[in-house]
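Have a look at the structure below, then the notes.
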Amino acid sequence: MNTIVEVEDITVAYDTKPVLWDIDLNIPEGKLVAIVGPNGAGKTTLLKTLLHLIKPISGEVRFPLKASGARGYVGYVPQSNSVDWDFPTTALDVALMGSYGRLGWFRRPKKEDIAFAKKMLDKVGMGEYCDRQISRLSGGQQQRVFLARALVQDAQLYFMDEPFKGVDAKTERVIVDLMKELQAQGKTIVVVHHDLETVREYFDHLVLINVRLIAQGEVSEVFTDENIKKTYQVQAPLLKKEEDYE
């Protein structure tokens, strides 16, 4: 299986405090990947380092399948609380931002770009809100607009930072269905996730971290009580038995 992201000896520190320490990681192509760990484990920092938004003090991130000069290879859905929702823009404007990787920042979108952005808003159930200011949308609606923006990018690799946080059950279902649809198209989705109860249902590859890498691999192999105890540093069993999910 091809590797779409390679991480070698990554260490990240804020001031003198290590946030990630000596991380080696290989993310396989075409998988739904969860990054899981306790608060303060470095999950969002790892995601931003993979996106080259944070520069590590040592180590390297590589995209071995990325063609030289390729635009729009990576799509990103940030945490909702990191976005300025008061910025005066509409749902359609936000979705169209996904086309800038192809167009560049200084070219106006064409009719077909606008039509595609509207189609992606329809896909996430937000078509009727095209002209609505994002500040007037609910949290779940805002998250769907950012999903539409990512879909407009038509990327091969998607990074999503806690996309289920603070959303309603309907939006969570929309997100899960979209992730599985993208995977069916051969795309790779890497998600910072916090709900242990849904790991088996939503994902097929797992990265467990707590500053250091604890385990990585197929969910069926590494999502065990022993690894969860190491990650969360607890003694009590945290996981249901696999038959409980059937």
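The values are calculated or read from the model by the stated rules, or taken from the named source; none is laboratory data. Here the structure is a predicted model, which is why all the values come from computation and not from measurement. Neighbour counts are summed over all protein chains in view; Cβ atoms, including those assigned to glycine, are modelled from backbone coordinates with ideal geometry. Note: accessible area is taken over every heavy atom of the protein model, side chains too, but ligands, DNA and RNA are not part of it. Shrake-Rupley method; radii C 1.70, N 1.55, O 1.52, S 1.80 Å.
Sort 152-161, 19-28 by the packing proxy (mean of other Cβ within 10 Å over each peptide's residues), most packed first. All intermediate terms of the calculation are to be shown ahead of the outcome.
Values: 152-161: 22.7, 19-28: 17.9.
Sorting 152-161, 19-28 by mean packing, highest first, produces 152-161, 19-28.
Whole number in Å², please: accessible area per residue of the chain, 1.4 Å probe, ligands, DNA and RNA not counted. Could you put the intermediate results ahead of the total?
Working: 12440 Å² over 246 residues.
I get 51 Å² per residue for the chain.
Reachable aspartates and glutamates from LYS187, Cα under 15 Å, same-chain residues fewer than 8 places away excluded?
Here the aspartates and glutamates satisfying the reach criterion relative to LYS187 are GLU29, ASP154, ASP177, ASP204.
Could you order peptides 139-150, 222-233 by the average number of other Cβ atoms within 10 Å of their residues, highest first?
139-150, 222-233
Which length gain, in nm to one decimal place, applies between LYS230 and LYS180 when the Cα-Cα distance is subtracted from 0.36 nm times their residue separation? Intermediate values should be presented prior to the final figure.
Working: separation 50, 0.36 × 50 = 18.00 nm, distance 2.92 nm.
That works out to 15.1 nm of additional length.
What value, in deg cm²/dmol to 500, does the helix sum -39500 (n - 2.57) over DSSP H runs of n ≥ 4 give at 222 nm once divided by the residues of the chain?
On the way: 9 runs with 78 residues, N = 246.
The per-residue figure over the chain is -9000 deg cm²/dmol.
Report, by chain and number, residues whose modeled amide H sits under 5 Å from the one on ILE23, excluding near sequence neighbours (fewer than 5 apart, same chain).
It is ASP9, ILE10, THR11, by chain and number.
Which Cα, out of VAL77, VAL33, LEU196, lies furthest along the positive dipole direction of the chain (beta carbon charges, K/R +1, D/E -1)?
Towards the positive end, the residue furthest out is VAL77.
Quick one: pull the percent of accessible area on the chain belonging to carbon and sulfur, 1.4 Å probe, ligands and nucleic acids left out.
Details: 5860 of 12440 Å².
The value for the chain is 47 percent carbon and sulfur by accessible area.
Output the pairs from LYS31/LYS111; LYS123/LYS230; LYS48/LYS111; LYS17/LYS180; LYS55/LYS165 with a Cα-Cα distance over 30 Å in this structure; if there are none, say none.
Values: LYS31/LYS111 33 Å; LYS123/LYS230 40 Å; LYS48/LYS111 33 Å; LYS17/LYS180 37 Å; LYS55/LYS165 26 Å.
The answer is LYS31/LYS111; LYS123/LYS230; LYS48/LYS111; LYS17/LYS180.
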